[in-house]
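S.K.: Got a structure here, written out as structure tokens. Questions coming.
The values are calculated or read from the model by the stated rules, or taken from the named source; none is laboratory data. Predicted model only: the values in this text are computed from it and were never measured. As a convention, Cβ positions derive from the backbone with ideal geometry for all residues, glycine included, and neighbour counts pool all protein chains shown.
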Amino acid sequence: MDSYTATQARMADLDGRIRAEPSRFRVLTGERPTGRLHLGHYFGTLSERVALQSRGVEIFLVLADYQVITDRDTARDVGVNVREAVLDYLAAGLDPAATTIFPHSAVPALNQLLLPFLSLVTEAELHRNPTVKAETAASGRALSALMLTYPVHQAADILFCKGNLVPVGKDNLPHVEMTRTVARRFNERFGALFPEPEPFVTASPEVPGVDGRKMSKSYGNAIALGMGDDETAAVIRRATTDGGRRITFDPERRPGVAALLTTASLCTGTAPEHIAEAIGDRGSSELKRVATEAVNERFAEHRRRRAALADDADVVDGALAAGIERANRIADQTLEEVLDRMGMRYLPA
Ligand code: TRP
């Protein structure tokens with residue numbers, strides 16, 4: 001069995017176990033609030049979270065604001081990005097009563113777990129993390145100590161609530177591995193306290209941006225969930241296609257055309273080859289019209305709900321306040337347990 005097949009098999013098995021006993025799982029997942037959520041987030045992670053929630057799995061969702069400054073100087077826009085993300089979560093169907101939504105910076109005890117956890121790993125191990133290496137190279141900056149250690153901070157994100165299931169993209173697998181190492185070493189040294197969380201790699205295909213590369217805000221090729229119909233049309237109009245009249249699905253040779261077909265396919269549930277066939281030889285302009293319509297129809301309801309939620313300022317504040325309150329209660333308790341195990345709870349309560 002190759003490693004791809006092995007992963008697929010493991011995910012199918014995990015899926016079965018989640019269906020059988022959803023209450024045995026506590027999911028911790030998250031993202032960096034660096035910009036508006038887009039279709040890549042929706043099809044890659046957000047829809048999966050909603051599905052897990054509807055199966056009765058308890059979910060913790062961290063807006064990793066301290067991770068924003070791993071590769072940039074400022075966290076200035078973080079407040080807006082957090083609020084916009086919460087609107088998308090709620091519009092997509094996450095329920096603040098079932099899903100605990102909170103930013104790092106609002107949960108001090110979670111951050112304090114970083115210190116004991118750092119004592120459990122070596123500098124050499126931190127330097128070996130392939131994702132940290134790639135992100136440092138992409139940033140064009142010197143490796144900061146926060147960039148080097150953020151995978152351990154991410155272990156604190158996961159372990160503060162004793163999360164045992166972590167939905168992540170492939171690029172975050174080394175961080176889940178680090179989390180398992182931290183949990184195992186803590187348990188060995190101080191007695192069993194933490195689960196060794198399992199990664200849950202989403203089955204959905206990578207969502208291409210309008211230029212054929214992976215959809216990413218930093219490539220400027222993203223369709224944000226909160227865009228209006230006209231803004232969506234404008235982004236798709238700028239997509240790089242080619243002059244061939246006949247539309248075919250050929251990701252290798254026609255990445256721009258294939259990206260729009262894939263987008264339309266994800267939104268409609270029709271295979272990209274069939275969409276191409278239906279367009280026939282009506283060329284790129286028809287392809288763009290079809291893709292725009294597919295996105296705008298698929299997200300009409302999401303956008304309507306999002307706008308209604310945005311009209312009531314208390315909705316986002318209320319969801320965050322509830323999440324922060326619950327996250328703090330759990331983080332405080334875990335920190336107490338950790339200090340106790342370490343022999344550091346020597347002051348009167
Ligand atoms: N590193 C993740 C990303 O870049 C975001 C993240 C932060 C995360 N903390 C997490 C993901 C904990 C899963 C679990 O997308």
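S.K.: Between 274, 302, which is at pLDDT 95 or above, in contact with a Leu (Cβ under 7 Å, 6 or more places away or on another chain) and surrounded by fewer than 21 Cβ atoms within 10 Å (Cβ to Cβ)?
M.R.: Values: 274 fails: in contact with a Leu (Cβ under 7 Å, 6 or more places away or on another chain).
Result of the check over 274, 302: 302.
S.K.: Can you list residue pairs whose Cβ atoms sit under 8 Å apart, with the first residue in segment 160-172 being outside the structural domain of residue 27 (by TED's automatic domain parsing) and the second being within 7 Å of the ligand (Cβ to nearest atom) and modelled with pLDDT under 95? Count only pairs 6 or more apart in sequence or on different chains.
M.R.: Within 8 Å, no pair qualifies.
S.K.: Now a separate question. Assess whether residue 70 counts as being within 12 Å of the ligand (Cβ to nearest atom) and surrounded by 20 or more Cβ atoms within 10 Å (Cβ to Cβ).
M.R.: yes
S.K.: Next question, about the same structure. Among the residues of segment 114-130, is there at least one that is of a type in the set (Lys, Arg) and surrounded by 13 or more Cβ atoms within 10 Å (Cβ to Cβ)?
M.R.: No, segment 114-130 contains no residue that is of a type in the set (Lys, Arg) and surrounded by 13 or more Cβ atoms within 10 Å (Cβ to Cβ).
The rows are residues; the columns are (1) away from the ligand (no atom under 13 Å from the Cβ); (2) in contact with a Cys (Cβ under 6 Å, 6 or more places away or on another chain); (3) over 28 Å from residue 224 (Cβ atoms); (4) at pLDDT 95 or above.
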{"position": "103", "(1), (2), (3), (4)": "no, no, no, yes"}
{"position": "108", "(1), (2), (3), (4)": "yes, no, yes, yes"}
{"position": "125", "(1), (2), (3), (4)": "yes, no, yes, yes"}
{"position": "136", "(1), (2), (3), (4)": "yes, no, no, yes"}
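S.K.: Please enumerate the residues belonging to segment 171-199 that are among the aliphatic types (A, V, I, L, M) and either within 14 Å of the ligand (Cβ to nearest atom) or closer than 14 Å to residue 156 by Cβ (or both).
M.R.: Listed by number, the residues that qualify are 173, 176, 178, 182, 183, 193.
S.K.: Something else now. Somewhere in segment 115-131, is a residue within 25 Å of residue 25 (Cα to Cα), among the aliphatic types (A, V, I, L, M) and in a helix (DSSP H, G or I)?
M.R.: Among the residues of segment 115-131, not one is within 25 Å of residue 25 (Cα to Cα), among the aliphatic types (A, V, I, L, M) and in a helix (DSSP H, G or I), which makes the answer no.
S.K.: Let me ask something else. Among (1) at pLDDT below 95; (2) under 30 Å from residue 228 (Cα atoms); (3) not β-branched (Val, Ile, Thr), there is one condition residue 38 misses while meeting the rest; what is its number?
M.R.: (1)
S.K.: Which residues, counting only those in segment 1-37, are within 13 Å of the ligand (Cβ to nearest atom) and either touching a residue at least 40 places away in the same chain (Cβ under 8 Å) or more than 30 Å from residue 74 (Cα to Cα) (or both)?
M.R.: 26, 27, 28, 29, 30, 31, 33, 34, 35, 37
S.K.: Another question about this same structure. Give 27, 80, 57 a once-over and let me know the one that is among the β-branched types (Val, Ile, Thr), out of contact with any Phe, Trp or Tyr (no Cβ under 8 Å at 6 or more places or on another chain) and in the same structural domain as residue 328 (by TED's automatic domain parsing).
M.R.: 80
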